[in-house]
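Read-outs: derived from the displayed coordinates by stated rules, not from any lab. Note that the coordinates shown come from a computational prediction; the quantities given were computed from them, not determined experimentally. Cβ coordinates were reconstructed from backbone atoms using ideal geometry, including for glycine residues, and neighbour counts include every protein chain displayed.
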Amino acid sequence: MKLNLTPFFAALLLAGCASVGTVDPAHLPQAPGAYKTAGANDAPALTKTWWQPFADPVLDDLVGRALAANTSVQAAANRLAQARAALGTAQAERLPQLGVSAGAGRSSTPGQAVPQPSTQYSAGLNLAYELDLGGRLLQARNAAALDVQAREQLLADAKLLVQANVARGYLALRALDAERDIVRGTVSAYAETLALTDKRARAGDVADLDVARVRAELAANEAEALGLDRRRVELETALAVLLGEPASNFHLAPTAWTTALPGVPAGLPSELLQRRPDLAAARSQLEAARARVGEARAAWWPSLSLTAQGGGVSSEVSNLLKSGASTWGIGLLGALPLFDGGRRESGVSAAQAQLEGSVIAFREQFLLALKDVEDQLGALALLQAQGEANARAVAAAGQALKLSDTRYRNGLVSQLELLDARRSELANRRAALQVRSAQYQATVGLIRALGGGWSDPQLQLAHR
């Protein structure tokens, strides 16, 4: 049989003009030479156990429990398993397909005066293999492999996010416990002041108005303490969800806040930003979209498959395996759609649009990541100065309260002056504590923004 291969080679020439989708490097953002808040420096190595420099065994335990049972991490792991299964399917498409077939049919032979129906049995092996002329199957496999990479990186990002949220929740809880201690101490101080004022009122030294003022201050601070208790319940239940545990069964007893505050190495290099797993995932997704452009363009190539089969056909099942009943065949099957209503062209346009969308998404993710780093670096620098100012304010307010209390007990100042001094001292102590808490939160935020912690032999832990 004579084959006309002219359309086949014409299709090859047409497809050869198509190439895999390209990405303009100008559309991809580049890491800056240095952050605004820190200059260039040698890159400290990232570490997966970034929370350990906080030197808090309770935090270590909570992070471990969260990684084992958090539902967001489990969902990300499940999506990774699905991507790996899809990769297995794409890889299988590039391999020969071997199968077994068997059948039975009953028919009559035409042309006979009295048709005699007969039964035919068949069994055999079938082999098929598609020649990937345009690289369609290869591009599909590459895209699936990049999907797996993206899912691996998204799983790492989910773990990092859970770790950071656990650390933030735990540190906020410890800061709240310290604030509750301050407020409860103030409640005790007001209770003592009320007892003293009430005694002086009965002796006629002060008016009933003074007693009412102290009683109002005491009630207000008791209400504030109850509000902090309510906030603690909310933080505790949020931690339970992160740990994948029922909120009703989870409790974290109050304890002294001794968590270390890791120092941030000076001059963090901008290259650390590119190690973020979510950015790596976005880049893998971009490359997968690029591979799918190539897959869509390869659809213009004709499909060409090699087929082979061997087996037996007989009217008796027992004769199927005998040499006289054997049959075999080999073939080459080609197909080239001449008109598809623009389906393949639309497929290429859709894949190219998806690639352009991936470039936009990567750029947006990069810019947001850079913003996160700059925000946290700037916050840490300002919080350091703010903390020093708060420390001076706390010392001055404490001295003023001590002097006012002594003078009030000696009848030298009014009760209003004492109450004002106590309010000022309480406000400054709570403000200093909130700044300290913000430093911990910003440190965790910076670690999250950089994709993990750092290992620096000169890293010093400051207990504050």
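Values as computed for the structure displayed
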{"quantity": "Residue-wise HN-Hα coupling along segment 157-169, computed from phi with Karplus coefficients 6.51, -1.76, 1.60 (Hz; x: Gly, Pro)", "calculated": "5, 5, 5, 4, 5, 5, 4, 5, 5, 5, 4, 5, x"}
{"quantity": "Protection proxy ranking, peptides 333-342, 380-389, average beta carbon neighbours within 10 Å, highest first", "calculated": "380-389, 333-342"}
{"quantity": "Whole-number D in µm²/s for segment 339-464 (Stokes-Einstein; Kirkwood sum over Cα pairs; 25 °C, 0.890 mPa s)", "calculated": "125"}
{"quantity": "HN-Hα J in Hz across segment 435-446 - Karplus 6.51, -1.76, 1.60, θ = phi - 60°, x for Gly and Pro", "calculated": "5, 4, 4, 5, 5, 5, 5, 5, 5, 5, x, 5"}
{"quantity": "For segment 220-305, alpha-carbon Rg over 2.2 N^0.38 Å", "calculated": "2.17"}
